[in-house]
Amino acid sequence: MSIDDTTGLKHLGSGKTSYAFEEPTAAILEAFPNKYPDRDYQICFEHPEFTSLCPKTGQPDFATIEITYVPDQLCIETKSLKLYFTAYRNHGSFMETITNKILDDLVSVCQPRRMQVVALFNPRGGTSLTVTAEYMKDDSAPIETRF
């Protein structure tokens, strides 16, 4: 018998995975109740196969997306996060916009105490780009970065 409530999750274990390749929206993301809301602890995701498109040239941009957050009442469900990232595959947007949209969408779904999204974009034209976006509730301390 599981102690975790999975009743609201539609992607995980459905056997019917549906992919969107150009329409990343917060509606793809799902969350589940945090069993330890009275404790500060960090959850870290690393997605090394992120792909999107340049909005001007259509050339692919590849990145590793790192998400670190301290949950409050809800946690992000991993399969829905993978499907959300897949929705960027044919989506054209600037790297800075993508990073901030990921943060905004995740915060809207799980309302964490704090969250940091780091997007490490692979070099294109000899230049790599790293974008870091952060969210903190008023009473939270920042997440320590590796910089």
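The values are calculated or read from the model by the stated rules, or taken from the named source; none is laboratory data. Remember, it's a predicted structure, so these values are computed and weren't measured experimentally. We place every Cβ from the backbone using ideal geometry, glycine too, and count neighbours over all the protein chains shown.
Worth a mention:
- Evaluation of Lys137 against (1) over 23 Å from Gly8 (Cα atoms); (2) touching a residue at least 60 places away in the same chain (Cβ under 8 Å); (3) surrounded by 14 or more Cβ atoms within 10 Å (Cβ to Cβ) (one fails), failing number: (3)
- The strands (runs of 3 or more DSSP E) found entirely in segment 20-97 that carry 3 or more residues being under 25 Å from Leu129 (Cβ atoms) and in contact (Cβ under 8 Å) with a residue 24 or more places away in the chain are 43-53, 60-70.
- Among the candidates Gln42, Gln116, residue that is surrounded by fewer than 17 Cβ atoms within 10 Å (Cβ to Cβ) and either of a type in the set (S, T, N, Q) or more than 16 Å from the chain's Cα centre (by Cα) (or both): Gln42
- Residue in segment 59-81 that is under 13 Å from the mean Cα position of the chain (by Cα) and of a type in the set (Lys, Arg) present: yes
- Thr130 meets all of the listed conditions (1) surrounded by 15 or more Cβ atoms within 10 Å (Cβ to Cβ); (2) at pLDDT 95 or above but one, namely (1).
- Condition met for Asp105 (in contact (Cβ under 8 Å) with a residue 60 or more places away in the chain, out of contact with any Phe, Trp or Tyr (no Cβ under 6 Å at 6 or more places or on another chain) and under 17 Å from Pro24 (Cβ atoms)): yes
- Residues that are modelled with pLDDT of 95 or more, over 22 Å from Tyr88 (Cα atoms) and touching a strand residue (DSSP E or B) at 6+ places or on another chain (Cβ under 8 Å) within segment 6-43 comprise Phe32, Pro33, Asn34, Asp40, Tyr41, Gln42, Ile43, listed in sequence order.
- Unique residue being surrounded by fewer than 20 Cβ atoms within 10 Å (Cβ to Cβ) and in contact with an Asp or Glu (Cβ under 6 Å, 6 or more places away or on another chain) when the list is Asn90, Asn100: Asn90
- Sole exception among (1) of a type in the set (Lys, Arg); (2) within 27 Å of Ile3 (Cβ to Cβ); (3) not in a loop (DSSP other than H, G, I, E, B) for Lys101, by number: (2)
- Hits in segment 116-128 (condition: over 22 Å from Tyr69 (Cβ atoms) and in a strand (DSSP E or B)): Asn122, Pro123, Arg124, Thr127, Ser128
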